[in-house]
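Report on the following structure.
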Amino acid sequence: MSAVIVLDVGKTVSKLSLWSPDGDILARETRANERVSSNGRATLDVDGISEWLIFTLKKFAPLAEVAHIIPVAHGAGLVVVKSGRHVIPPFDYEVPIPDDVRRGYAAERDPFEITGSPFLADGLNAGAQLYWAVQENDAVLDDATIMPWAQYWAWFLSGEMRSEGTSLGCHTDLWAPMERDFSPMAKRLGWAQRFAPVVFAGEPIGQLRGDLAHRTGLSPNAVIHCGLHDSNAALVAAMGFPQFAEDEMSIVSTGTWFVTMRRPEKSADLPALSDERDCLVNVDAWNRPVPSARFMGGREIERLVAPDAQRVDRRQDQARLMDAVPDVMRSGAQLMPCFAPGFGPYSKRSGHWISKPGTADARGATISLYAALMTNTCLDLVASTGPVLVEGRFAGAEVFVRGLASLRGDDQVFVSSAQNDVSFGALRLIYPDLEPQGVLERVEPLPEDLGKYASGWESRLAEAEYDTEGR
């Protein structure tokens, strides 16, 4: 039986999954990612992921005849390759960039109206990482090729260098979504010409390297595809449902980041988005602009639940968390943003509790409602007016998704029983007619009326001690 392997390199976890052409998942392995040091700077663990990938490919080899491999990866990662090896590994985007470098870069970058990229904290603009590297060594790009993180893995597997629109168009400052071309800054600084050729995310770019075929036991005829940015892969997966195939819709991809993407009936109106509130314009797999907004929801939730050593998305905990909602509503317990400074629609505010509950379950329910309020804000920022699909890890957090359904009013909210939506989206680029096997489930709103709770939260945001300009 022929099969497809999807490599999904997230910020926190890397996943390798084996799929049948019919969309059945045959095997899946994961690896926790670590931050490593390269020349005194924190970087992503290229070598560690490489070793794990080869080891896991070898495990998958006896299970099926692998015909295709396609990579998916998070954004804000670039790799510079020279003479067959990486000379600049991808920076860890959560590491602050020196102030003097940041000031110099700010003078070079293009306006939001051109790139759809806000000026983000730390290294979240991949262009800022590249600028930093060049400031330290102005010859580092000589005779080199630059690739986004996902396409680095396509090169690792095939030896063929490519770039791709979803990876270049996710808040890099390097792409002009409306022009479907590199940004003026990328051209002016000579970076655009250093990038590998830009191709379609699903394009076959080569076959598995012979040495890797020998080491893993996979066929050297396995086709390697270009690959794409992870949140955009989730959008491709959502489009497999007939309800979301054509019309206006939004998707909320939940993981370390909660990324809201709206597929509009008309092109994105860039001036209507606020670059000061972590709004941006992503690019879908077909190079169409996608208005987006986000916050670091998974990271905030992890920080908030850590003192109780609990989670809000475990199936066995959902009934208890739901039972705690009425007490949370009565007590007025709330969380005010934000707990990941520098990110999200309230990035300059300091997160804190209001009437912090006394039990772990009530705190977990409050955290879930906070995630719903923040996600609702993001949907409003991108002017979402149609159905919403919540996918990813926190789609199983009942208080969160039902709270969101309550807040969205007439806009229907759905979750899917299908798992691995990012990987499935990558699979659909190879088999575009493939429909998800999972059931699309409409989310019922909470029994409690969230109107007063939400208006109280919004009123607190507008009080004098906050920056009333929405930051």
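Every read-out reported here was derived from the displayed coordinates using simple, explicitly stated rules and does not represent laboratory data. Since the structure is predicted, the reported quantities are computational estimates derived from the model, not experimental observations. Here the Cβ positions follow ideal geometry from the backbone for every residue, glycine too, while neighbour counts run over all protein chains shown.
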The chain - Debye-derived log10 I(q)/I(0), Cα point model, q = 0.06 Å⁻¹
-0.25
Placing +1 at every Lys and Arg Cβ and -1 at every Asp and Glu Cβ, with all other atoms neutral, what dipole size does the range 2-226 have around its Cα centre, in debye to the nearest 20?
340 debye
Check which residues have an amide H placed less than 5 Å from D122's amide H, if you skip close sequence neighbours.
I97
List, in order, the whole-Hz ³J(HN,Hα) value for each residue of the range 444-455 obtained from phi through the Karplus relation with A = 6.51, B = -1.76, C = 1.60 and θ = phi - 60°; use x for Gly and Pro.
7, x, 4, x, 7, 7, 8, x, 5, 4, 5, 5
Starting from the Cα-Cα distance between F119 and E444, subtract it from 0.36 nm times their residue separation and give me the gain in nm to one decimal.
113.3 nm
So which chymotrypsin sites (Phe, Trp or Tyr not before Pro) in the range 210-302 end up in coil per DSSP with only 14 or fewer other C-beta atoms within 10 Å?
W286
Across the range 68-82, in residue order, what do the Karplus-derived ³J(HN,Hα) couplings come to in whole Hz, using 6.51 cos²θ - 1.76 cosθ + 1.60 with θ = phi - 60° and x for Gly and Pro?
9, 9, 9, x, 9, 8, 6, x, 6, x, 10, 10, 9, 10, 9
Enumerate the amide H contacts of A27 below 5 Å, restricted to partners 5 or more residues apart or on another chain; note that Pro and chain-start residues carry no placed amide H.
L18
Could you give the dipole magnitude of the range 237-471 about its Cα centre, charging the beta-carbon of Lys and Arg +1 and that of Asp and Glu -1, in debye to the nearest 20?
600 debye
In whole Hz and in residue order, list the ³J(HN,Hα) couplings for the range 284-296 that follow from phi through the Karplus curve 6.51 cos²θ - 1.76 cosθ + 1.60, θ = phi - 60°; x for Gly and Pro.
7, 5, 9, 6, 8, x, 10, x, 9, 8, 7, 8, 8
Pairwise FRET efficiency - L26 versus R180, Cβ, R0 = 35 Å, nearest 0.05:
0.45
Taking H as built 1.01 Å from N, whose amide H comes closer than 5 Å to the amide H of G77, not counting residues under 5 places away?
W149
Please rank E448, E65, fewest neighbouring Cβ atoms within 10 Å first, as an exposure proxy.
E65, E448
Between helix 421-430 and the chain: long-axis angle, C-alpha atoms, 0 to 90°, nearest 10
40 degrees
Rank the residues H214, H229, H74 as a footprinting-exposure proxy: fewest other Cβ atoms within 10 Å of their Cβ go first.
H214, H74, H229
Distance in nm between label sites at V95 and V140, each 7 Å beyond Cα in the beta-carbon direction?
1.0 nm
Once you put a point 7 Å from the Cα of E51 and another 7 Å from the Cα of E302, both along the Cβ direction, what distance in nm separates them?
2.2 nm
Dipole in debye (nearest 20) - the chain, about Cα centre, beta carbon charges: Lys, Arg +1; Asp, Glu -1
820 debye
Between the modelled labels at K59 and N221 (7 Å from Cα along Cα→Cβ) the distance in nm is 2.8 nm
Could you list E164, E34 in order of exposure, starting from the residue whose Cβ has the fewest other Cβ atoms within 10 Å?
E34, E164
Using a ≥ b ≥ c from the Cα gyration tensor of the range 237-471 (square roots of the eigenvalues), is it rounded, prolate or oblate, where a/c under 1.5 gives rounded and otherwise the larger of a/b and b/c decides, a/b for prolate?
oblate
Just for the chain, what percent of DSSP beta bridges are antiparallel, to the closest 5?
70 percent
Starting from the Cα gyration tensor of the range 293-416, take the square roots of the eigenvalues, sort them a ≥ b ≥ c, and report rounded, prolate or oblate (rounded when a/c is under 1.5, otherwise prolate if a/b is larger than b/c, else oblate).
oblate
When we measure straight from the Cα of K15, which lysines land under 29 angstrom away, once same-chain ones fewer than 8 places off are left out?
K58, K59, K82
Pairing the Cα long axis of helix 46-60 with the longest principal axis of the chain, what angle in degrees results, from 0 to 90 and rounded to the nearest 10?
80 degrees
Among F112, A61, W132, which residue has its Cα furthest toward the positive end of the charge dipole of the range 2-226, with +1 on Lys/Arg Cβ and -1 on Asp/Glu Cβ?
A61
Considering only DSSP beta bridges where both residues belong to the range 2-226, give the percentage that are antiparallel (nearest 5).
70 percent
